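Only the coordinates and a few stated rules stand behind these numbers; no lab work does. For clarity, every value in this text was computed on a predicted model and none was experimentally measured. A quick note on method: Cβ atoms are made from the backbone with ideal geometry, for glycine too, and the neighbour counts reach across all protein chains shown.
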Amino acid sequence: MGPRAEPSRPAAVEVSAMSDDDETAKADGGTASQSETVEDERYEEHPLEWDEPDNNDKAPDERDSVSHRTEKYDDRKLVTGQAKYTADYEARYPDLAYAAVVRSEIPHGRVTDIDTSAAEAMDGVDAVLTPESDAVPDTKYTSAGQSYPEPSPWDMRVLNEHVRYIGDPIAAVAAEDRSTATAAVEAIEVSYEEDDYVTDPEDAFDEDAPQLFEDGEVENEIVGHDYDRNRMAHIGGELGDVDAALDGDTHVHETEWETIRQSHANVEKHTSLAYTDEDDRHVLITSTQVPNHTRRQLAHLFDIPIRDIRVTKPRVGGGFGGKQAMVVEPIPLALSLATDRPVLYEASREEEFYAMRSRHPMKVRARTAVTDDGDIEAIDLYALSNTGAYGSHGMTVAGNVGSKPMPLYSKVPNARFEADIVHTNTPQTGAMRGYGAPQGTLALEGHLDEVARDLDLDPIEFRRRHHMEVGDLDEIAGMMGGEGANRRIRSCGLDECIERGKDAIGYDDLEQPDDDHLHRGVGMALSAQGTGVAGDELGAAQIMMNEDGSFHLQVGGVDIGTGADTAFLQIAAEVLGCDEDDIIVKSSDTDVTPFDYGAYASSTTYISGMAVKKAAEDAKERILDWGSKLLDEPVEALETGGGTVYSETSGDSVTLEEIGYEAAYGDEEREHILGKGTHCTEESPPPFAAQFADVTVDETTGEFEVHKLVVAVDCGVAINPGMAEGQIEGANHMSYEMAVSEGITLDDEGRAEVADFDEYGLPSATETPPIESILVETHEPTGPFGAKSVAEVPTNTVPPALSNAIRDAVGVRIREMPITAEKIEAKLDEREARLGDL
Amino acid sequence: MDIELTINGERTRVEAGSAEDLATVLRQHGYIGVKCGCDGGACGASKVFVDGEVRMACGMAAADADGSEIQTVAALGTQDDLHPVQQAFVDNFAVQCGFCIPGMVIQAVALLDSNPDPTEREVREALDDNVCRCTGYQKPVEAVLDAAGRTRGEESVAADGGRSVDGAPRRAESTGCCGGECDE
C-alpha cells in the first residue's frame, strides 16, 4: 500500500480560517489603510511586472497558430460517428460482463438483510456483490477527485449498510448482458431498519434533527465539522472590520438568494470499463476528468499499488465537474476482480439524476454597507450549502461562493465570508462548472443591483467605481486560505467587457413594446473566476520528434470535449514552428502520458497548456542545436517557422524533416529529440465576464421572453477563438438553465422527481435565447501566450442578470431561482395590493 | 428472433431479443455513431433514418424495424469527404464533446431535405428534441444555417475557418484510448 492521506493532515487544516468554536479567524492584514512599507513588501511578493519569456507575448500578426480558428482536431471523427467513447470499447472484449447496481429505496436507515439468492440463481449472472463481499473494499473514501491530501471528508463506502439517501449503492451485479444485469438487480430483496431522515438544510442544522454521521465516524474530517448538527464544515474569512462598517454611518442592505439543484446532464452517462490484464495490472477505460486522481483514489480504496493501475480516458461526452468525481469506477473494478472478466458499468439516465452528483443548492445572504456618496464600505456574504448525504467538494465549493465573486470588488476595504455546509438525506452533490461561483454571483450581483436602484445610482456605474483593475492586489480570494491566495492583477478587460456588452445588447436605446402591459428591461452582472486552483496544480507534457519532422505530443491534460487537445496542438505548433497537423496528440493515459491533476478549476489551457509550451521549448532547443550543426550557424541566429529552422541573418534554412533524419540516422552523432515540460504556479489570474440579458415581461401574467443574452469575456488571449466562443455559449446556456429551470426537484423523502431528459428542464433549442459571445482580448503574462481560463466564468452570470432585467422591466425582484412567470405575477400582485392599501 | 435490415445500403440479417431496441442492435453491429444518452427515446443522440424518417433508434423496438432501410450518420460522409452538414458543423465549431452530434447531424440533414432555406426559428424547432449540454445550441444552429446556404450554392457564411479548414484531410485517425495498447 502506498502512502495514505493521513487524517491528521487534511487539506482542511490549510483552510483553518475557522475553529470549532464558531469564531471567525481573521486573515491577517488587508485593511484599507496599509502603510507604504507594507505595500512595498507586497509588491515584492506579488510584483505587477512578470518575468515573461519574450516569445510569450506576440502581437496578433506574429501568431502562426495561436489565436487562429484551427479546426478542432477530433471533429471529423466526431461528426462521422467514428470517435470512441468508453461504451464503444465493448466490442473489443468478447467476454465482457455488464454491471448494474442496487440502490437504497429509503432516505435513511440500516440494511438488515440482502437476499441475493434469486439473482444468483439466474442464468447469466456472474457475480452479486454486497458490502460483505471480499472484492468490495471496506475503506472509507471520498469520491471527490481532488488533489492530495484530499480536502473532502472520507465519509462513504463503495457499497453501504448504513444508507443515507434514496440512491445510496447497496449491492452490485455483473451479468452476461445489460438486461440480465437489470433483472438481477430487481430480483434482489433488501430489508431495512428505517431511521428518521431530514431533507431541508435548515432543519438538518437543528440540534434535534436526525443525524447522518456519528462523531468520529468520518475520517479526514474537515474544519468546522459538527456532526451533531449535521455540519460537515464551517469556513470563513474577513478583511478589515465588517461589523464596524455595518454599524457605521452607512446604508445597510440585506438580501437573501436561493439556487437550484442542477444536474450536470452530461449526455454521455457515467461509464467505466475495468479489467485485469496479463501482467496482473488493473486497467480502466473510463469517462473521467481526472485519470491521475482516479488512479490514486483506486489505489487507496483497493489497496493496490498505484503503478499497477492504469487509467485511460477515451473521448468523453461531457463532464462539467460530474466526472471529476470517481462516481462509478470502483464498481466495475470490484466486479471485475470478483469475476475475472472485463466489466462495463454504464449508469442509467435515471441514476444520473438521483445517484450521481449535482450542483450544491444554496441559500446565500448578502449584506453591504454603502456611504451616501455610493462608496461600498463593506461586503458580507453568508452561505448555507446543502451538500446532501456526503461531503465531497462540500467545503471547497462553499469557499468559492465567496472567493470567486467577492474579489471583483477588491477595492472594498472590509469583506467577510462565512459558510455552513450541512448534510441532508438527499442525493449527493459535487463539483460543477462554476464551482460555487454561480451561487455567490447571483447573491452579490443581484444584491448590488438592488442597492444601486435603491440609492438611485446607475447599476453599471456603481459597479465601475469599485471593480477590480490591473495593479490591484486581491486579498479577498486568499482571505480564507486554502483554494485561493493573494494575487496581483496583471490583466483585466472588465471595462471593455462592459462597453462591448452594452453596445451588443443595445443598452442605451432600448425600445419599449407598443402594448402598455408589456415592459422591456435589461439587466447586467459581472463575474470573475480563477484559472486553476492557486498553488495546487500540476501539469506535464513531453514531445518526441520523428525522423520525418513530425512530433508526438504526450500530455496528461484531459480533453472532455472542450477542445483542450487542439489547444495543446496549437501551443506546441506555435513554439515548434510547424503545422498542427504535423503533431499527433496523445493525452490522458496514466501509463503513457505525463502526470496531470486533470480537467477542473478552469486549469487545463493555463496549467497543462503551459506544460506543453515548456515541452515544446525544450524540444525546440535541441532542434535549433541540430539546425546549427546543419546550417553551420550559431544557435542565436536561428529560429523555427514554416516547418523549418531558418537563419535570421543568412536566410538559409533546413527543414524539420532533414533535422529529424539527421538526428536519428546521422553518421557521427545521433539523438532522439525529446522535450519535456512540467508546470505549477502560485498564480490563478481571474478571467472576467460582463453579462447582459434583454427581457420583455407581461405585467398582467408575469410571463417573460428573453430576447437575447450577451456575454463579453476577458480570457486573456483566446488560443482558439472558435472553441473559446463555444465554451462561453455553452456555459451561458447552463447558466440560463439555473435562472429558469427547476433543476432536480425532490419529493418529501428526498427522492429525485426527474428520471429522464424529458422531465428535466434543460432548455431546448427553441427555449434557449440567442447567445452572443464576445471575446475581449487582454494579455495575461503568467499564461501560455497570454491565455487565462474561459470555460467557467460565463456559467455564473445569467441568474443575476435576468433577475436584474426583470427588476428593470417591471420593478419586482425574484431572488429565489428559478425565475418563473408565477413568481413574477405573485410579486406584481403583492405590489398592487400594497399600493392599494395606501 | 431474426430480423432483416438494410443498414447504410448493406442488407443483413440480425438477431434481436424481443425487448431489444434498435439502437442496441445497431451498436452491436458496429454502428457506434448511434449514441445512447438517455433511457429511451428522450435525448435524440440515437437518431437514424428508418425508411427515410428520422427516428430515435433507442426508442424503437428492433423488431419494428424488420425489413426497413436504416441510415446512420456513418452513411453521410467520411472523415476525408464530409457531408456538407458535417462540414458546416466542423467549420462553425458546433462540436464540443460530440456525443449528441450524430443525432443532430441526422436531424439537420432531414430538415434541409424538406426545407432547403430554413429560418433560424425553423432550425431551432427541428433540433428541439436533440439534447446538447455543451454548446447552448448557438453554433449548431449557425452551422445548420450555414449548411443550408452551402447546399443552395450560396457563399459560405462560416467564420474565416482558419488555416486548416479547407476540406483537406486531417491527420491520421487518432490513437483512441491508448493507441491499441490496452487491447488484450
Given all pairs of distinct Cα atoms, region A:471-592 yields a Kirkwood Rh in Å of 19.3 Å
Around A:Pro781, with a cut-off of 12 angstrom between Cβ atoms, what is the net charge of the other residues, counting Lys and Arg +1 and Asp and Glu -1? -4
Using each residue's phi in region B:49-61, evaluate 6.51 cos²θ - 1.76 cosθ + 1.60 at θ = phi - 60° and report the 3J(HN,Hα) Karplus result to the nearest Hz, with x for Gly and Pro. 8, 10, 6, x, 9, 6, 9, 7, 4, 7, x, 10, 5
State the answer as a single residue: which of A:Thr797, A:Ser287, B:Ser114 lies farthest towards the positive end of the charge dipole of the protein assembly as shown, with beta carbon charges of +1 for Lys and Arg and -1 for Asp and Glu, about the Cα centre. B:Ser114
On full extension of the chain, what length is gained from A:Asp632 through A:Asp138, given 0.36 nm per residue of separation minus the C-alpha to C-alpha distance? 171.3 nm
What is the pair-distance distribution P(r) of region B:1-138, computed from all Cα-Cα distances in 10 Å bins starting at 0, with each bin given as a whole percent? 12, 44, 32, 10, 1
Hey, got a sec? Which GluC sites (Glu not before Pro) in region A:711-801 land in a DSSP loop and have at most 15 other Cβ atoms within 10 Å? A:Glu749, A:Glu753
Length gained when the stretch A:Glu217-A:Glu657 is fully extended (0.36 nm per residue, less Cα-Cα span): 152.2 nm
First check a/c for region A:669-819, with a ≥ b ≥ c the square roots of the eigenvalues of its C-alpha gyration tensor; if it is under 1.5, answer rounded, and if not, answer prolate when a/b is larger than b/c or oblate otherwise. prolate
Quick check for me: using +1 on Lys/Arg Cβ and -1 on Asp/Glu Cβ, what's the dipole size of the protein assembly as shown about its Cα centre, in debye to the nearest 20? 1360 debye
If you bin the C-alpha pair distances of region A:581-739 every 10 Å from 0, what whole percents do you get? 8, 25, 23, 20, 12, 7, 4, 2, 0
Rounded to whole Å, sorted largest first: equivalent-ellipsoid semi-axes of region A:357-488, Cα gyration tensor: 28, 16, 11
Would you list the P(r) distribution for region A:243-298, with all Cα-Cα distances sorted into 10 Å bins from 0 and each bin expressed as a whole %? 15, 25, 16, 11, 15, 11, 6, 1
Which order, highest average first, do A:218-229, A:113-124, B:63-74 follow once you tally other Cβ atoms within 10 Å for each residue and take the mean per peptide? A:218-229, B:63-74, A:113-124
Starting at the first residue of region A:553-559, write each ³J(HN,Hα) from the Karplus equation 6.51 cos²θ - 1.76 cosθ + 1.60 with θ = phi - 60°, in whole Hz, x for Gly and Pro. 10, 10, 9, x, x, 10, 8
Show the residues, 5+ positions off or on another chain, whose built amide H is closer than 5 Å to the amide H of B:Thr78. B:His83
Step through the residues of region B:31-39 one at a time and calculate ³J(HN,Hα) from phi using the Karplus curve (6.51 cos²θ - 1.76 cosθ + 1.60, θ = phi - 60°), rounding each to whole Hz and writing x for Gly and Pro. 8, 6, x, 8, 9, 10, x, 9, 9
At what distance in angstrom do the alpha carbon centres of region A:197-227 and region A:765-779 lie from each other? 41 Å
Spherically averaged projected area of region A:743-838 from its Cα convex hull (nm²): 11.3 nm²
In a shell of Cβ-Cβ distance under 9 Å around A:Gln262, excluding A:Gln262 itself, what net charge do Lys and Arg (+1) and Asp and Glu (-1) give? +1
Using the structure shown, list the pairs from A:Lys84/A:Lys586; A:Lys404/B:Lys139; A:Lys140/A:Lys269; A:Lys72/A:Lys586; A:Lys363/A:Lys404 with a Cα-Cα distance above 20 Å, or answer none. A:Lys404/B:Lys139; A:Lys140/A:Lys269
Extending each Cα 7 Å along its Cβ direction at A:Glu45 and A:Asp748, get the distance between those two points in nm, one decimal. 5.5 nm
Summarise the partner chain shielding of A:583-590 as one whole number: the mean count of Cβ atoms from other chains within 10 Å of each residue's Cβ. 3
Gyration tensor (alpha-carbon) shape descriptor, region A:71-219, a/c threshold 1.5: oblate
Projected label distance in nm at B:Asn115 and A:Glu258, using a 7 Å step from Cα toward the beta-carbon: 4.0 nm
When only alpha-carbon atoms count, how far does the protein assembly as shown stretch along each of its three principal axes, as whole angstroms with the largest first? 82, 80, 66
Taking the alpha-carbon set of region B:84-151, what are its Rg and Dmax in Å? 10.3, 28
Checking the a/c ratio against 1.5 first, then a/b against b/c, what shape does the Cα gyration tensor give for region A:694-781? oblate
What Kirkwood hydrodynamic radius do you get for region A:564-629 when you take the inverse of the mean 1/r over all pairs of distinct Cα atoms, in Å? 12.7 Å
I want to check the label-to-label distance for A:Asp548 and A:His517. Put each point 7 Å from Cα in the C-beta direction and report it in nm to one decimal. 7.0 nm
Could you please report the charge total around A:Leu444, scoring K, R as +1 and D, E as -1 over all other residues with beta-carbon less than 12 angstrom from its beta-carbon? 0
Charge dipole of the protein assembly as shown about the Cα centre (unit charges at C-beta), most positive-ward option of A:Met734, A:Leu333, A:Val422: A:Leu333
Inverse mean reciprocal Cα-Cα distance (Kirkwood Rh) of region B:2-74, Å: 11.7 Å
